[in-house]
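Asker: One structure, pasted below without further comment.
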Amino acid sequence: MTPTTTEERSQTDELETLYEISQALGSSFHLESTLQRILEILHERMGMNRGTITLIEPESNELSIEAALGLSERQKRRGKYKIGEGITGKVVESGQPVIVPNIGQEPLFLNRTGGRGDLKKRDVSFICVPIKDGDNAVGALSVDRLFNAEIDFIEDVRLLSVIAAMIAQTIKLNRLSRMETDRLLTENVALKRHLQENYQLQTVIGNSTRMKEVYKQVSNVANSNATVLLRSESGTGKGLVAQAIHYSSQRADGPFIKVNCTTIPEGLIESELFGHEKGAFTGALEQKKGRFELAEGGTIFLDEVGDLNHALQTKFLRILQEREFERLGGTETLKANVRVIAATNKNLEQAVKDGAFREDLYYRLNVFAINLPPLRERKSDIPILAEFFLEKYARENHKPIRRISSRALDLFMNYNWPGNVRELENCIERAVVMCQDTIIYAHHLPPNLQTAGDVERPHNWSLTQAVGDFERELIIEALSSTRGNRARAARLLGVTERIIGYKVSKYKIDCQQFAG
């Protein structure tokens with residue numbers, strides 16, 4: 001068997017060194033510890049001492065030591081250089097490696113860290129190669145060698161350059177990862193701020209006496225852990241009030257999980273609420289967390305809770321009483337640190353009498369009840385709600401619609417709104433889509449609203465009367481825009497002032513009411 005030559009041993013050492021370094025680079029996401037391990041491998045495998053990795057700081061554009069072998073933390077902090085300063089600074093500036101056979105005879109060698117003592121008494125060689133991202137140097141890798149005339153510095157430079165290229169790729173990936181992490185954190189903070197700003201109590205719209213009472217109740221209960229029951233008809237904004245309670249509470253940084261009990265099939269709702277174990281039922285291929293687990297540390301909002309069946313009512317009661325539950329098909333008891341807000345449009349008292357709802361669950365839910373008024377009982381809020389939705393949908397549809405006509409607002413005020421705020425919002429959205437003007441008029445509204453506003457009209461209402469009604473509306477809007485000035489109103493409508501005067505008299509319009 002042929003003896004292994006010195007050159008072959010050297011190549012084997014290099015390959016093993018590169019292999020270990022590649023393993024170190026792939027085994028950790030912590031940049032500093034990874035770089036430190038690379039320097040240890042160079043020392044252990046190749047006899048290279050005092051390895052140092054120096055990187056450019058983006059903020060100051062100076063070089064500072066990121067990792068070093070044989071230096072104290074204090075010495076590392078002293079190791080700062082301007083680009084072009086000393087051997088390391090020159091290497092980064094030029095992008096070319098530098099070999100110093102004997103540092104005691106090199107005036108450019110600064111020894112700023114003070115880690116080598118008296119250089120004149122040291123027979124040490126110094127090798128420094130750039131760490132490059134493309135054509136740009138982002139730092140430098142340097143090592144000490146005990147001075148020996150037989151050392152092949154060219155081979156050392158070649159090996160260190162390969163390692164520097166591997167380090168450069170790791171630094172690039174690390175910085176990209178940090179940038180992506182920072183971006184996600186920024187987006188997360190912005191999202192939380194958006195949620196808190198958009199669902200704080202003050203953005204629940206309404207100035208009526210009934211709504212002020214709701215605001216007071218929400219403010220009183222928000223910072224407690226009390227279970228809240230929101231009671232009202234559909235479309236009154238129960239979800240918005242629930243969000244306002246959550247984002248005004250001490251749980252605002254926790255999750256807010258919404259569950260509509262009527263939209264989940266009865267056979268799946270238990271799994272959705274409490275989760276399930278793998279194999280709990282046909283199709284349960286893996287463990288799944290339920291909504292109560294997902295809401296841990298935050299709030300769960302159960303809408304239409306009056307539709308839960310008796311089996312789920314029993315499990316729900318246990319959570320409210322004992323704050324614990326098991327996943328479907330599981331035996332492990334899980335704790336539920338969750339605030340419960342429930343909502344219903346059902347008469348729970350009647351449901352209890354009828355045996356459709358558990359009495360003990362009713363009392364557990366009814367700790368703090370908030371009754372939201374239907375829109376027909378808070379009609380003074382209709383104008384500001386309408387303006388809010390108008391602004392929202394005009395912006396979304398890129399339309400220059402400024403306001404709602406007086407006649408259209410009259411129709412809003414005369415309508416009973418069985419669908420409550422949700423119906424009003426849908427009505428405004430439709431009107432914005434229909435409108436090609438800067439004002440929403442009565443004819444932009446759904447037919448059911450126009451019919452509701454015409455209760456005083458006879459059944460034989462003619463085309464002439466309908467046109468006259470629309471004409472009167474246009475004149476009122478023009479006078480409103482011009483503060484009762486007939487001449488300016490005439491110009492807006494493209495007619496003469498004489499015609500405006502005639503129409504004002506015909507329709508018995510009082511111009512003085514618009515002067516203010």
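Asker: Round to the nearest 10 and give me the degree value, 0 to 90, for the angle of helix 463-481's Cα axis relative to the longest principal axis of the chain.
Answerer: Tilt of helix 463-481: around 50 degrees.
Asker: Still on this structure: Could you tally the net charge around ILE38, taking each other residue with its Cβ under 12 Å from the Cβ of ILE38, Lys/Arg +1 and Asp/Glu -1?
Answerer: -3
Asker: Related question: Apply the Karplus parameterisation 6.51 cos²θ - 1.76 cosθ + 1.60, with θ equal to phi minus 60°, to every residue of the stretch 71-80 and state each ³J(HN,Hα) to the nearest whole Hz, in sequence, with x for glycine and proline.
Answerer: 10, 6, 4, 5, 5, 5, 5, 6, x, 10
Asker: Using alpha carbons only, how many degrees (0 to 90, rounded to 10) separate the axis of helix 310-322 from the longest principal axis of the chain?
Answerer: 60 degrees
Asker: Continuing with the same structure: Taking K and R as +1 and D and E as -1, what net charge do the other residues with C-beta under 13 Å from the C-beta of LYS288 add up to?
Answerer: Working: positive: LYS278, LYS289, ARG291, ARG327; negative: GLU270, GLU272, GLU277, GLU286, GLU293.
Charge balance near LYS288 sits at -1.
Asker: By count of other Cβ within 10 Å, fewest leading, how are PHE368, PHE256 ordered?
Answerer: PHE368, PHE256
Asker: To make sure I understand, if each residue's beta carbon is the centre and we count other beta carbons within 10 Å, what order do VAL432, VAL467 fall in, fewest to most?
Answerer: VAL467, VAL432
Asker: If you restrict to DSSP beta bridges whose two residues both lie in the chain, what percentage is antiparallel, to the nearest 5?
Answerer: 60 percent
Asker: Here's another thing I want to ask about it. Using the basic label-point model (7 angstrom from Cα toward the beta carbon), what is the GLU286 to LYS508 distance in nanometres?
Answerer: 7.4 nm
Asker: Evaluate 2.2 N^0.38 Å with N set to the residue count of the stretch 350-404, then give the Cα radius of gyration divided by it.
Answerer: 1.98
Asker: Sticking with this one: Leaving out same-chain residues fewer than 8 places away, which lysines sit with a Cα under 27 Å from that of LYS76?
Answerer: LYS76 reaches LYS90, LYS120, LYS121, LYS132, LYS172.
Asker: Using the Cα atoms of the stretch 200-373, I'd like the radius of gyration and the largest Cα-Cα distance, Dmax, both in angstrom.
Answerer: 16.3, 54
Asker: Give me a comma-separated list of calculated 3J(HN,Hα) values for the stretch 241-256, in order, Karplus coefficients 6.51, -1.76, 1.60 applied at θ = phi - 60°, integers in Hz, x for any Gly or Pro.
Answerer: Couplings: 5, 4, 5, 4, 5, 4, 6, 9, 9, 6, 9, 4, 7, x, x, 10 Hz.
Asker: Here's something else I'd like to know. Simple spin-label model, 7 Å along Cα-to-Cβ: LYS258 to ASN426 in nm?
Answerer: The two pseudo-label positions are separated by 1.6 nm.
Asker: Karplus couplings for the stretch 487-496 from phi (6.51 cos²θ - 1.76 cosθ + 1.60, θ = phi - 60°), rounded to Hz, Gly and Pro as x?
Answerer: The phi angles translate into 5, 5, 5, 4, 5, 4, 8, x, 10, 7 Hz.
Asker: What are the residues whose amide H is under 5 Å from the amide H of ALA67, where those residues sit 5 or more places off or on another chain and H is modelled from the backbone?
Answerer: ILE53
Asker: Using a cut-off of under 17 Å, list every residue of the stretch 127-148 whose amide N is near the label point 7 Å from the Cα of GLU62 along the Cα-to-beta-carbon line.
Answerer: It comes to 139-140, nothing else.
Asker: Shifting gears a bit: Please compute the length gained on full extension between ARG323 and TYR215, using 0.36 nm multiplied by the number of residues separating them and subtracting their Cα-Cα distance.
Answerer: Stretched fully, the ARG323-TYR215 segment lengthens by 36.0 nm.
Asker: Still on this structure, I have one more. Once the principal axes of the Cα atoms of the chain are found, what is the range along each, listed largest first in whole angstroms?
Answerer: So the three principal-axis extents are 116, 72, 45 Å.
Just so you know, all these numbers are worked out from the coordinates, no wet-lab data involved. Please read all numbers here as calculations on a predicted model, not as lab measurements. Backbone-built Cβ (ideal geometry, glycine too); neighbour counts: all protein chains shown.
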